[in-house]
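Read through the structure below, which is laid out as structure tokens, and then see the notes.
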Amino acid sequence: MTGGLVTRFAPSPTGHLHLGHAFSALSAWRRARAVGGRFLLRLEDIDASRCRPEFASAILEDLAWLGLDWDGDVRVQSAHMVEYRAVLDGLRGRGLLYPCFCTRADIRRELAAPHGPEGPVYPGTCRRLLQCERDARIAAGTIYALRLDMGAALAAVAWPLRFHDAGAGTVHADPAVFGDVVLARKDMPASYHLCVTHDDALQGVTLIVRGVDLLAATHVHVLLQALLGWMTPAYAHHALLTDDAGRRLAKRDRAATLRDLRAAGRSPAEVRAMAGCPD
Ligand SMILES: [Zn+2]
């Protein structure tokens, strides 16, 4: 039943695509097409301060130029905030989320704590607030983030939690090291962790092909899948493309964008080869 394979490419429209994106998109597209599966395209544009519509249209154009096609409509996350809110409300109703009023400076001051895979682990200050204190701060109009109560979440799922990665094999999930992760930011109604796991489940993605920089976050995603009754897909985290000096390609490196290569007269086949996906 390999025809049931569903992969996706899910960039954020914060800049133009570079060769690293081309590699990731081509890898996911080819895996699906090789077995008659489906390839989906999603724009992860929940961070309104960083995403721009012109980058979104440029992404579609660059991918089509590169020779990729996708199945169905492009899912644009900013059009689905109501769905993410409903998931958050459900978790909050189960007592798994709490409001965090801390500023970045507050958290820095509190921290004598070890650092997790995504930086400093939140010390849990607001988890210990009394309900009346929370109510009073919210009533006063203090803005807040929503954090997952990691201890409560770990107690609410059946263990062991694990996932399969094409490179790493079977991985036992250890989300505890992330601490109380933010699922809704003060400036954004939902976080990356929440939206990506929601959408992969909703869209029936069975294999997630993405950079190894997201392997650590998968530990949190597997926990969310267990909490929300969603299937855990298979993963294929790939190495990141680097430049000649061994530095990771980033959106700031204009020379590596697909549009610059195209403007310089490179053909799609040449760019596919440059991205490490020769025909
Ligand atoms: Zn807090």
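The values are calculated or read from the model by the stated rules, or taken from the named source; none is laboratory data. These numbers come from a predicted model, not from an experiment. Cβ atoms come from the backbone with ideal geometry, glycine included; neighbour counts cover every protein chain shown. Protein only, heavy atoms only, side chains kept; ligands, DNA and RNA dropped before computing areas. Shrake-Rupley method; radii C 1.70, N 1.55, O 1.52, S 1.80 Å.
Relative contact order of region 1-75, taken over Cα pairs closer than 8 Å and 6 or more residues apart, is 40 percent.
THR170 contributes an accessible area of around 90 Å² to the protein surface, as traced by a 1.4 Å probe with all chains present.
Determine, from the Cβ-Cβ distance of HIS172 and ILE107 and an R0 of 35 Å, the FRET efficiency 1/(1 + (r/R0)^6), rounded to the nearest 0.05.
Approximately 0.75, to the nearest 0.05.
Relative to its residue count, the chain spans a Cα convex hull of 150 Å³ per residue.
Calculated mean residue ellipticity at 222 nm for the chain: -10500 deg cm²/dmol, from DSSP H runs with n ≥ 4 weighted as -39500 (n - 2.57), summed, divided by the residue count and rounded to 500.
Suppose every K and R has +1 on its Cβ and every D and E has -1 on its Cβ; what is the size of the dipole of the chain about the Cα centre, in Debye to the nearest 20?
Taking the Cα centre of the chain as origin, the dipole is about 300 debye.
For ARG94 and ALA156, the difference between the fully extended length at 0.36 nm per residue and the C-alpha to C-alpha distance is 21.3 nm. Per-residue surface analysis assigns TRP159 an accessible area of about 120 Å², computed on protein heavy atoms at 1.4 Å probe radius.
Rank MET231, MET274, MET81, MET188 by accessible area, highest first, at a 1.4 Å probe radius? Walk me through the intermediate numbers first.
Numbers: MET231 165, MET274 75, MET81 50, MET188 15 Å².
So, going from the largest accessible area down, we get MET231, MET274, MET81, MET188.
If I compute solvent accessible area with a 1.4 Å probe over the protein chains, what percent of it on region 1-142 is carbon and sulfur? Using a 1.4 Å probe with all protein chains present, region 1-142 comes out at 55 percent carbon and sulfur. Only one residue of ALA263, ILE143, LEU68 has its Cα farthest out toward the positive end of the dipole of the chain, where Lys and Arg carry +1 and Asp and Glu -1 on Cβ, and that residue is ILE143. Of all DSSP beta bridges confined to the chain, the antiparallel ones make up roughly 55%. Using the Cβ-Cβ distance between SER78 and MET231 with R0 = 35 Å, the FRET efficiency computed as 1/(1 + (r/R0)^6) comes to roughly 0.90. Helix 53-66 and the long axis of the chain differ in direction by around 40°, with both axes built from C-alpha atoms. Taking Cα centre as origin and charging only the Cβ of basic (Lys, Arg, +1) and acidic (Asp, Glu, -1) residues, the dipole magnitude of region 1-68 rounds to 360 debye.
Taking 13 Å as the cut-off, the amide N atoms of region 163-194 that come nearer than this to a point 7 Å along the Cα-to-beta-carbon line of ARG137 belong to 186. Taking every protein chain into account, the accessible area of region 40-156 amounts to 53 square angstrom per residue (probe 1.4 Å). Each part gets one Cα centre, and for region 219-236 versus region 41-112 those centres are 17 Å apart.
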